[in-house]
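The values are calculated or read from the model by the stated rules, or taken from the named source; none is laboratory data. Everything numeric in this text was worked out from a predicted model, so none of it was measured. Neighbour counts are summed over all protein chains in view; Cβ atoms, including those assigned to glycine, are modelled from backbone coordinates with ideal geometry.
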Amino acid sequence: MFDMVPGRTDKLMTQMRRGAIEYCVLALLREHDRYGFELTRSLSDADGLVTSEGTVYPLLSRLRRDGMVDTFWQESTQGPPRRYYHLTRSGRLALDAFREQWVMFRDTVDKLMVAGGPR
């Protein structure tokens, strides 16, 4: 499944990031509307979620196509107008469902990692 050579966690982190990044974007949009580069910067600033515009913009396009986000243009004082992303009701519901599942998943993994599993 993974190349589990000690000290080689890059593939593992890539897989974990890939599974959670869209929900991290939705979570950032829950707080307030943001433009693409702002989302990229916020994700890059978060430990372990280093990402690029080449990852974020296709994801935003898919989220928009899937009805999870809406967009609107807003003038900028520092250049051309920016496309802002807004969380839709569907996006909020998807984020809530993920958070519920994430808590159960995280707690189960934590139990296995700390205690060595149920006895």
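Restricting segment 26-62 to residues that are in a loop (DSSP other than H, G, I, E, B) and of a type in the set (D, E, K, R), which is nearest to Tyr85 (Cα to Cα)?
The residue in question is Asp33.
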- Kindly check whether there is at least one residue in segment 107-119 that is within 16 Å of Leu28 (Cα to Cα) and of a type outside the set (S, T, N, Q). no
- For residues in segment 45-68 being among the aliphatic types (A, V, I, L, M) and free of Cβ contacts under 8 Å to residues at least 40 places away in the same chain, which is farthest from Thr88 (Cα to Cα)? Val50
- Query: Which residues, taken from segment 84-95, are in contact (Cβ under 8 Å) with a residue 24 or more places away in the chain and either more than 13 Å from Leu63 (Cβ to Cβ) or surrounded by 16 or more Cβ atoms within 10 Å (Cβ to Cβ) (or both)?
  - Reply: Tyr84, Tyr85, Leu87, Gly91, Ala94, Leu95
- Every residue from segment 25-50 that is surrounded by 19 or more Cβ atoms within 10 Å (Cβ to Cβ) and within 22 Å of Glu100 (Cα to Cα): Val25, Leu26, Leu29, Leu43
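A quick yes/no check of all residues on (1) of a type in the set (Asp, Glu); (2) closer than 30 Å to Asp10 by Cβ:
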residue: Tyr35; (1), (2): no, yes
residue: Asp47; (1), (2): yes, yes
residue: Leu63; (1), (2): no, yes
residue: Asp66; (1), (2): yes, yes
residue: Gly79; (1), (2): no, no
residue: Phe98; (1), (2): no, yes
residue: Val103; (1), (2): no, yes
residue: Thr108; (1), (2): no, yes
residue: Lys111; (1), (2): no, yes
- Note on the structure: With criteria (1) at pLDDT below 95; (2) hydroxyl-bearing (Ser, Thr, Tyr); (3) out of contact with any Leu (no Cβ under 8 Å at 6 or more places or on another chain), Ser61 comes up short on (1)
- Filter segment 51-83 for residues that are among the small types (Gly, Ala, Ser) and within 15 Å of Ile21 (Cα to Cα); the one that is surrounded by the most Cβ atoms within 10 Å (Cβ to Cβ) is Ser61
- Quick one: Gly48 ticks every box in (1) modelled with pLDDT of 95 or more; (2) under 14 Å from Ala20 (Cα atoms); (3) not aliphatic (A, V, I, L, M) except a single one, so which number is it? (1)
- Message: For a quick check of your reading of the model, give me the residue pairs whose first member lies in segment 3-26 and is at pLDDT below 80, whose second is of a type in the set (Asp, Glu), with beta-carbon atoms closer than 7 Å and at least 6 apart or on different chains.
- Response: Lys11/Asp3
- Sort out which residues of segment 94-119 are touching a Lys or Arg at 6+ places or on another chain (Cβ under 9 Å), at pLDDT below 90 and either among the small types (Gly, Ala, Ser) or assigned to a helix (DSSP H, G or I) (or both), and write them in order of number. Gly117
